[in-house]
């Protein structure tokens, strides 16, 4: 009887832990701290990236609910499961950086923040955010 009671408690505890883990994933998000959507900004601008419900860590190893930022200039999110390209429009922050300085040409630009795992594999649209800025 006591053995069955322990198994029941162990099962309930495991369910609570797994449930909390899933809830964290459901509430996870990435966002721009600055600039804000619709802002008029100088061409030389500081970008600050934020996340909730996620661990920011350097690239290299893959951990659950963890990864690093990518910033896409004038492009959209990278579909879930695809590797984020590395070129002049896809900036990688594989050291776990949360801010950078951009030099943008005058005019309207779309900035997309994309979260990806330690191997640069995108978490998809759910862990991305796009904003529009006007560079003066």
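Any read-out appearing in this document is the output of simple, stated calculations on the displayed coordinates, not a laboratory observation. Given the structure is predicted, the values throughout are model-derived calculations rather than measurements. All Cβ positions, glycine included, derive from the backbone under ideal geometry; neighbour counts span all protein chains shown.
Taking the highest mean first, how do the peptides 107-117, 87-97, 123-133 order by number of other beta carbon atoms within 10 angstrom per residue?
Working: 107-117: 19.5, 87-97: 13.9, 123-133: 17.5.
Per-residue mean Cβ counts within 10 Å order the peptides as 107-117, 123-133, 87-97.
Below 8 Å between Cα atoms, with a sequence gap of 6+, how large is the relative contact order for segment 37-136 in percent?
On the way: 248 pairs, mean separation 39.8, N = 100.
Dividing the mean separation by the residue count of segment 37-136 yields 40 percent.
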Binned Cα-Cα distances of segment 66-106, short to long, each 5 Å bin given as a whole percent: 5, 20, 30, 28, 11, 5, 1
